[in-house]
Amino acid sequence: MDYNKFQDRISDWIENTMDIRDRKEFEKFLAENPEYQSEVDLVRNTIDIMKAAPSLSTTKDFDKKLQDRINLLRNNDKSQTDILGFSKQNFAFLTLSLLCIFMLSVYLLQPSQSNYFVVDEDVDSQELNSDEEDKKLKEVELLNDVNGSFVSDKD
Amino acid sequence: MNEKFKFSDEKLILRFQEGDINAYNELVKRYKDRLLNFVFRYFNNLEQAEDVVQDTLIKLYTHANYYKNVAKFSTWIFTIAKNNALTELRKNKRKRTDSLHTDDGRFLDIGSKEESLESRVQNEIAVDQLNKFLDEIPENFRIAVVLRDFQELSYEEISKILEIPIGTIKSRINRGRIQLAEKMKHFKE
């Protein structure tokens, strides 16, 4: 065992958390190097001082402050659960959700639902027709351009 | 004796989870000073340490249901206190100017152990000096030493609270103690 290893194990030896082999090795090192015994004693003494140290106590108004904060929390909780047992936020969210569900149901179940698509189809076919008419008009205009006013006069 | 004193911390938190406010009060009573002594080591400022302990106990009130009965209550509450302390430290990196003394230089609490006046005075001086030396060692050593030697928690608990492997904790505590002992040696000389 070298000095570094010895230092690493001081606490283990003081707290008796070493296995027997390591403990014997540690004690052999100490016996061979008695000058290090004081280091072990000093660590042990330091631990003892810490364990016996007086402790800090909270100030007198600590409990009152804590109680005030808890009361505040309780009051907030009460004010937040004053609509049918729900908090205001939850109640608003619930109401909004129900409204959405209701409106969606009305929309999906209304009888004119199928006509909507028919109307759409009509609009599409109308649009198609007007496209075809536009195409024809363009062809006539093109002929006009090629033949001059003669074609259109003739028509 | 009041019946609630018979309950373990774990039983008390379970009772509080079921709505027993007396169980909460008992936990506060048991832990407020322990937490203060722990948190104080982060700030070395009593007022700030008390604020953090208050926040920790409020969190205990509001988040009691987060506690699951798989860990020791002390580990859980110390972890909350540590996290609160670190958050506060990040928010406000105040200089560590106060000491364990009140304004008139006396210890806040001497304890009630039956000792001779002389040994008490000697012990006071040693503790006072040790507290000053504690501030001089690295924070990661200091916190581990405080949890072990002031709070007397197990290595396993400290490992869970600080979220560091047990081997590292043991090493930090040992090194912290050696550094403190070294300083105490010079103090005695």
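In table form, for the structure just shown:
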{"quantity": "DSSP-loop GluC sites (Glu not before Pro) across region B:128-180, with at most 13 other Cβ within 10 angstrom", "calculated": "B:Glu152, B:Glu163"}
{"quantity": "Probe 1.4 Å, all protein chains present, accessible-area order of B:Asp20, B:Asp51, largest first", "calculated": "B:Asp51, B:Asp20"}
{"quantity": "Region B:1-98: C-alpha gyration tensor shape, a/c 1.5 cut-off, then a/b vs b/c", "calculated": "prolate"}
{"quantity": "Alpha-carbon centroid distance for the pair region B:36-90 / region B:132-153, whole angstrom", "calculated": "17"}
{"quantity": "Set A:Lys60/B:Lys185; A:Lys28/B:Lys170; B:Lys29/B:Lys183; A:Lys28/B:Lys185 screened for pairs whose C-alpha atoms are more than 32 Å apart", "calculated": "A:Lys60/B:Lys185; B:Lys29/B:Lys183"}
{"quantity": "Under 13 Å, Cβ to Cβ, from A:Lys65 - net charge with Lys/Arg +1 and Asp/Glu -1", "calculated": "-3"}
{"quantity": "Sequence of A:Leu108, B:Leu36 from largest to smallest accessible area, 1.4 Å probe", "calculated": "A:Leu108, B:Leu36"}
{"quantity": "Computed label-point distance, nm, for sites A:Asp134 and B:Asn69 using a 7 Å Cα→Cβ extension", "calculated": "7.6"}
{"quantity": "Region A:1-55: GluC sites (Glu not before Pro) in DSSP coil with no more than 16 other Cβ atoms inside 10 Å", "calculated": "A:Glu15"}
{"quantity": "Label point distance in nm, B:Gln17-A:Arg74, each placed 7 Å from Cα along Cα→Cβ", "calculated": "2.3"}
{"quantity": "Chains B and A, summed buried accessible surface - 1.4 Å probe, Å², nearest 100", "calculated": "3700"}
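The values are calculated or read from the model by the stated rules, or taken from the named source; none is laboratory data. Note that the structure is a prediction, hence the values are computed from the model and not measured. A quick note on method: Cβ atoms are made from the backbone with ideal geometry, for glycine too, and the neighbour counts reach across all protein chains shown. Ligands, DNA and RNA are stripped out before the accessible areas are found, and what is left, the full protein with its side chains, is counted by its heavy atoms. Shrake-Rupley method; radii C 1.70, N 1.55, O 1.52, S 1.80 Å.
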